[in-house]
1. Which one of these does Gly384 not meet: (1) at pLDDT 95 or above; (2) open to solvent by 30 Å² or more (accessible area, probe 1.4 Å)?
2. Could you say which residue among Thr146, Thr154 is within 32 Å of the chain's Cα centre (by Cα) and not aliphatic (A, V, I, L, M)?
3. Please find, within the stretch 151-178, the residue that is nearest to Trp82 (Cα to Cα) out of those that are basic (Lys, Arg) and surrounded by 14 or more Cβ atoms within 10 Å (Cβ to Cβ).
4. Please go through (1) assigned to a loop (DSSP other than H, G, I, E, B); (2) open to solvent by less than 10 Å² (accessible area, probe 1.4 Å); (3) of a type in the set (A, V, I, L, M, F, W, C) for Ala609 and return the number of the only condition it doesn't satisfy.
5. Can you name the residue in the stretch 236-292 that is part of a strand (DSSP E or B) and of a type in the set (Ser, Thr, Tyr) and is also surrounded by the most Cβ atoms within 10 Å (Cβ to Cβ) among such residues?
6. Hey, among the residues in the stretch 73-103 that are in a loop (DSSP other than H, G, I, E, B) and out of contact with any Lys or Arg (no Cβ under 9 Å at 6 or more places or on another chain), which one's most open to solvent (accessible area, probe 1.4 Å)?
7. Determine whether the stretch 190-199 contains at least one residue that is at pLDDT below 95 and on the phi > 0 side of the Ramachandran plot.
8. Could you give me the residue pairs with C-beta distances under 9 Å whose first residue belongs to the stretch 645-663 and is modelled with pLDDT under 95, whose second residue is part of a helix (DSSP H, G or I) and crowded, with 18+ Cβ neighbours inside 10 Å wherever it lies, and which are 6+ apart or on separate chains?
Amino acid sequence: MKPPAAPREDTVETWHGVLVPDPFRWLEDKMSPQSQAWVSAMTAWSHASLAALDEREPFRRRLAALREMSERTLPVGVDAVWLFTERTPADQQARLMARIRSAWALIEDPNRFGPDDPHHIDWATVSADGRWIFYGMSRHGDEWSTLYAYDTETRTVQAETIPRARFATVGAPPGGGGFYYTAYPAHTVHGKTVYWHRWGTAVQDDLVIFRPDDPLASPRILLSPDGKRLVIHVAYGWTRDVVWMRSEEQADARWECLWDRGESRCQPFWGSDGRLWALTTDEAGQGAVRRYDGHRWTPVIEEIARQPVLHAVLTRQWLYLHRLVNARSQLERRDPETGRLLDATMMAEGTHIRGMEAVGPTLYYEVTGFFLPPRIDQWRDGDGHSTVWQHTRSPIASIKVIRTEATSSDGTSIPVIVAHPADWKPGSGPRPLVLNGYGGFNVAHLPAYSPAIEAWVEKGGLYALAVIRGGGEFGESWHRDGMRSHKQKGFDDFYHAANHLIQDQFTTSRQLGVLGRSNGGLLTGAFLTQHPDTARAVVMGVPLLDMIHFPRFLIGGLWTTEYGSPDIPEEFHWLYAYSPYHRVHDHTPYPAVMLFTSEEDGRVDPVHAFKMAARLIEATASDQPIFLRLAPKTGHGAGKSLDVWLDEESDIWAFFAHYLGNA
C-alpha cells in the first residue's frame, strides 16, 4: 500500500528575480481542512506501516527495559538550598526536587497532570539567599513556560504566576520585595524583555526594566550574590553579545556597557568570590576566560587554538574549566587569581562532560558517553580528587569506541567517533551503521549515552558521530567555517564522513543510515537531496527543510544570523542552493525516508516535515517508502513523556533495523 499523495498546486514565487516553485505551500496552513485531512491520512498510514515492522516490538521492549532506571540532573543552587530534577522508573516526567537546609522536598511533580495533559519542568533556579526557588513549567512540550515561585521558608508555592516565561532567567534581591525576570510580551514570539515584579501585585503592572534594541535579541539576567549589581547579557544570535550592568544601590543608576566589541562573544557569570567572570571570544575567534576588575576585563586564561573552553565555574577555592582537546573533554582545576593549571583530567574516548555546576565549595559535573550512562561526579574543596555523587549504571563493557578520520572536500580532517560491539573490529567486515551529525549554532555535538544506541549496538550494529563544521568542537573558527555562506562545508564534511566509513568497510551504502534532529535534520535533508544514492535509510527529525520560508515560521527569524536571510539577495542564493525542499528532483530513486515531527513544536514548525514528505512522495522513482511521523502533545525534544519517547524511538530504530539489517 502506498502513502497518500498530496495535491500539487502551481504556486510559484519570485525571489530576487528567481522563480521559486512551492507546490505544497497550502500545507503551511496547518488548520485548513485540506491540510488536516492529508496530514491525518499520511501520519495514520505511516504509524500503521511502522507498527507492522517485525523489529518494532522487540526494540520497544528493550528500550523500556533500558529506561528502567532513575535519571537525575546536575544540582544547582547555593549551600543551604539546591535542587535538581529526577525521574524514577515509575514516572512519565521528571520531578523537581530540592535539598532545603538538609531536608529533602518535592517542589513540583508534573506527573500530577496525567498522561492526557502532559507538563514538563523547563528550567529552575534558586535565589542567592536561598529564600526562593523559581521554576518554569510548560504544557505539551511547547516550552512556553509559566513561572512559579516556591518559598523555602513557608514550603509553599506562591499563588501568583507569570506566563510566557520561555527560557527565563530570574534574579531576586535579598529582602527586595520582588524579583527580576525575563518573559515575552503577549501575542508575539519575539521581543524578550526584562521585568520587575513586586510580590502581591498584578503581573500586568510589572515594570519594564530592560528591552533590547532588536526584538530578535535575547536578554539574560545575572544578579550579583549580594543583590547590589544587576547584569544583563544580551545575545544577538550566536556570534555577538553585549553586556550591561547597573548598581542596585542607587535609585537613578544608569546602565554601564561592559562589553560591546562587534562580532564577539561574552558569556558572563558571577563567581562565589562576588566578582564577575566571563568566557569571551574576540572577532578573530580567539577565546579567553576573563575577570571584570571594576573598569576592565582582565584575561586570566588565554584559550589555546582549537581547544575551546565550554564551561567555567568557581567554587570557593578553585576555578574549574571544561576544555575540548581534539574534541575530547578535559577537566581542569586552576588557581582563580593567576590562572595557573593545578591538574587536568582527560575523559575517556567516546565520553564527554555534558555540564558543570558549583554549589558552595563543591563542583558537580556530569559525564556521559556511548558506553557510559550519565554519571554525576563531585569535587569538594580540600579533596585531592573527585568522587561519584550519582550514577544510574556501570559502564557498558559490551560497547567499545574507536575514532577514525575522514577528509573533507577541501582537505579538512573530520573526526568520526564510532561505537561498536566488543566482538567487532575494523577489517572484520561491514555492518549496518547509523551516522549522526549536527554542525550548527556553535554546539559541541559529542558522544552521549542513549538507550537506543545501546540497543542498536547490542544487536550488532555500528553507530557513528561525525564532528563537522558549524559546531563548537574546535572553537569559534570551526563554527564560523560552517555557518551562513559556508554552510555547505558542513554538508560536505558529513558526506565525506559517510563515504570514508564505506570505503574503509565499516559499512556499505546498502547498510548505511543517517540520522539528524533539528539543525541535524537539515543536515540529513541536504545529504538526501545532494547524495540520494549514498545511504539506504534517511531519518530527518523535527527538521528545517524549507530554507526560503523558515524565518516566517514560529521563532525561525532568530536563526537568520546563523543561516542567512532570504530577504537579502546574496543570502537568498546561499539558502536556495541547498534548501532540501527545493532540491528534491523528480524521477530520482530516493532511499527509504522517515520524517518525524511534533504537534506542539515551538521551535521548528512541523510544516517543514509536511511539505518535504509531500514533495518526496511526488518525486521519488523508487519503491522505498516515505514515512511522516507526528507525535501528539509534545514539542521539539525536551518534555517528551516516557511513553511518547518509547514510541518514537521504537519507530526510528525499527525503521533502521528493517531497511539496513535486512539489506
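1. (1)
2. On the way: Thr154 fails: within 32 Å of the chain's Cα centre (by Cα).
Of Thr146, Thr154, the one residue that is within 32 Å of the chain's Cα centre (by Cα) and not aliphatic (A, V, I, L, M) is Thr146.
3. Our first condition is that a residue be basic (Lys, Arg); within the stretch 151-178, this holds for 155, 164, 166.
From what's left, surrounded by 14 or more Cβ atoms within 10 Å (Cβ to Cβ): 164, 166.
Working: Arg164: 25, Arg166: 22 Å.
Per the criteria, the residue is Arg166.
4. Condition (1) is where Ala609 drops out.
5. The initial filter retains those residues of the stretch 236-292 that are part of a strand (DSSP E or B), namely 236, 240-247, 256-260, 265-270, 276-281, 287-292.
Add one more test, that the residue is of a type in the set (Ser, Thr, Tyr), and what stays is 236, 247, 280-281, 292.
Working: Tyr236: 16, Ser247: 15, Thr280: 23, Thr281: 25, Tyr292: 19.
That would be Thr281.
6. Step one: of the stretch 73-103, the residues in a loop (DSSP other than H, G, I, E, B) are 73-75, 78-80, 88-94, 101-102.
Add one more test, that the residue is out of contact with any Lys or Arg (no Cβ under 9 Å at 6 or more places or on another chain), and what stays is 73, 78-79, 90-92, 101-102.
Working: Thr73: 58, Val78: 36, Asp79: 80, Ala90: 95, Asp91: 19, Gln92: 57, Arg101: 120, Ser102: 93 Å².
The extreme case among them is Arg101.
7. From the stretch 190-199, those at pLDDT below 95 are none; that's our starting set.
No, because not a single residue in the stretch 190-199 is at pLDDT below 95 and on the phi > 0 side of the Ramachandran plot.
8. These pairs meet every condition: Gly661/Gln511; Ala663/Gln511.
The values are calculated or read from the model by the stated rules, or taken from the named source; none is laboratory data. A quick note: this is a predicted structure, and the numbers were derived from the prediction, not measured. Here the Cβ is made from the backbone with ideal geometry for all residues, glycine too, and neighbour counts use every protein chain on show. Ligands, DNA and RNA are excluded from the accessible area calculation, which covers all protein heavy atoms including side chains. Shrake-Rupley method; radii C 1.70, N 1.55, O 1.52, S 1.80 Å.
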